Amino acid sequence: MNGAGQGGARGAALLGAMLAAGMVVSTFVGSRSIEGINRAKRTIRVKGSSEKAIVSDWAVWDARFTARAAALAGAYGKIRRDLETVLAYLERNGVDRGAVALSSITTSVQYKPNEKGNPTNVIEGYVLEQSIQIKSGDVPLVARLARESTGLIQDGIEFSSSPPSYYYTRLNELKIAMLGEATRDARARAAQLAGNSGCEVGALRSASQGVFQITPEYSTEVSDYGVYDTGSVRKCVKALVAVEFSIR
C-alpha cells in the first residue's frame, strides 16, 4: 500500500473511532451532501451519509375497557367480568396472562344534569376504566391484536385499542456500523472533490456527528432534532457525519 493509501486508511479509522466514542466537536444537521474546499486554510469539509432499512423487533400496545352502571358495585362487578373476558381473549390469541400489564381501576362519577344541561349533585352513575399494556418481540402478533381486538365490543365490552408503538432494539449497534459507513462515504467524497481540484486529502482536522433520522420506509421527513418514528414496522435509518480534512 502506498503512503496516500495508508494515510487514507489511518484517517478513516481515526474518524470512525472519534465518532463511535462520542468525541463530537460540533453538531451538523442536513439531508444533502455539501462539499467545499477552503484553499486559504488548505482544508476540505465534506458530508457523509449511510442509510439502512430495518424491521421493528419490539412492539408496545395499549388498550382500555370501560364499565358503566348506576351503582358503583355494579360497575365494579362488570369491569371485573370484562377483564376476565379480555384476558381469555388474549390467551386464546397467544398472549400469556403474565405478559399483560394491568393498570389500577379509575373511577369517575356521573352527575345528573338539570334542564339547562349543567351537572347537579345527584349521582346518575359510575364509570370505571382499566388499561392493559402488552410488550412483545412478536411484532406481527401485536399488530394483529391491535387491529382485531375491537371485536370484543361484540361481547358487550366497551373496548378501545391504541395504535402500537414499534421499536428496533439493536439500534445502538446499528449506529456504530452506520457511522463507519458514513465515514467511508465522507472520505470518498473528499478524495473525489480534492482530486478534481488537483489536491490530495491529508490529515483529519475535525469531525461532527449529525442526528439520526429514523423514518417510515420511503419517507423523506427530516428534523433538526432527529426523527424517531414508532408508528411503522418497517423503517429507514439515516446517519449523517461532517468531517474536515487537510489538503495538500
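The values are calculated or read from the model by the stated rules, or taken from the named source; none is laboratory data. Small disclaimer: the values here were computed from a predicted structure and weren't measured. Cβ sites come from the backbone with ideal geometry, for glycine too, and all protein chains shown count toward neighbours.
What tally of residues in region 83-103 results from selecting those that are among the hydrophobic types (A, V, I, L, M, F, W, C) and either assigned to a loop (DSSP other than H, G, I, E, B) or more than 15 Å from Trp61 (Cβ to Cβ) (or both)?
Going through region 83-103 one residue at a time, the tally reaches 3.
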Residue check, Asn114 against (1) under 28 Å from the mean Cα position of the chain (by Cα); (2) surrounded by fewer than 13 Cβ atoms within 10 Å (Cβ to Cβ); (3) modelled with pLDDT under 95, all met but one. Which one?
(1)
Within region 107-144, can you find the residues that are in contact (Cβ under 8 Å) with a residue 40 or more places away in the chain, in a helix (DSSP H, G or I) and not hydrophobic (A, V, I, L, M, F, W, C)?
Arg144
Arg170 being of a type in the set (Lys, Arg), modelled with pLDDT of 90 or more and under 25 Å from Pro216 (Cα atoms)
yes
Within region 76-111, take every residue that is surrounded by 12 or more Cβ atoms within 10 Å (Cβ to Cβ) and basic (Lys, Arg) and give me the one that is farthest from Ile157 (Cα to Cα).
Arg80
I'd like to verify a number: residues in region 134-185 that are closer than 26 Å to Arg80 by Cβ and β-branched (Val, Ile, Thr), how many?
5
Looking at (1) outside any strand (DSSP E or B); (2) crowded, with 18+ Cβ neighbours inside 10 Å, which is the one condition that is false for Ala73?
(2)
Tell me yes or no: at least one residue of region 219-231 is touching a strand residue (DSSP E or B) at 6+ places or on another chain (Cβ under 8 Å), in a strand (DSSP E or B) and modelled with pLDDT of 90 or more.
yes
Mind checking which pairs have a first residue in region 152-174 that is touching a residue at least 60 places away in the same chain (Cβ under 8 Å) and surrounded by 12 or more Cβ atoms within 10 Å (Cβ to Cβ) and a second that is assigned to a helix (DSSP H, G or I) and aromatic (Phe, Trp, Tyr), Cβ under 7 Å, 6 or more apart or different chains?
Leu152/Tyr89
Going through region 183-212 in order, the residues found to be touching a Leu at 6+ places or on another chain (Cβ under 8 Å), modelled with pLDDT of 85 or more and assigned to a strand (DSSP E or B) are Gln209
Long-range neighbours under 7 Å by Cβ, at least six apart or interchain, first residue free of Cβ contacts under 8 Å to residues at least 60 places away in the same chain within region 85-98, second acidic (Asp, Glu) and in a helix (DSSP H, G or I):
Arg97/Glu91
Restricted to region 131-155 and to residues being in contact with a Phe, Trp or Tyr (Cβ under 6 Å, 6 or more places away or on another chain) and not β-branched (Val, Ile, Thr), the residue farthest from Arg64 (Cα to Cα) is Gly137
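Scan region 234-241 and tell me whether some residue there is out of contact with any strand residue (DSSP E or B) (no Cβ under 7 Å at 6 or more places or on another chain) and within 30 Å of Gln133 (Cβ to Cβ).
Checked region 234-241: no residue is out of contact with any strand residue (DSSP E or B) (no Cβ under 7 Å at 6 or more places or on another chain) and within 30 Å of Gln133 (Cβ to Cβ).
Taking Arg45 as the residue in question, decide whether it is modelled with pLDDT under 95, among the basic types (Lys, Arg) and under 30 Å from Ser232 (Cα atoms).
no
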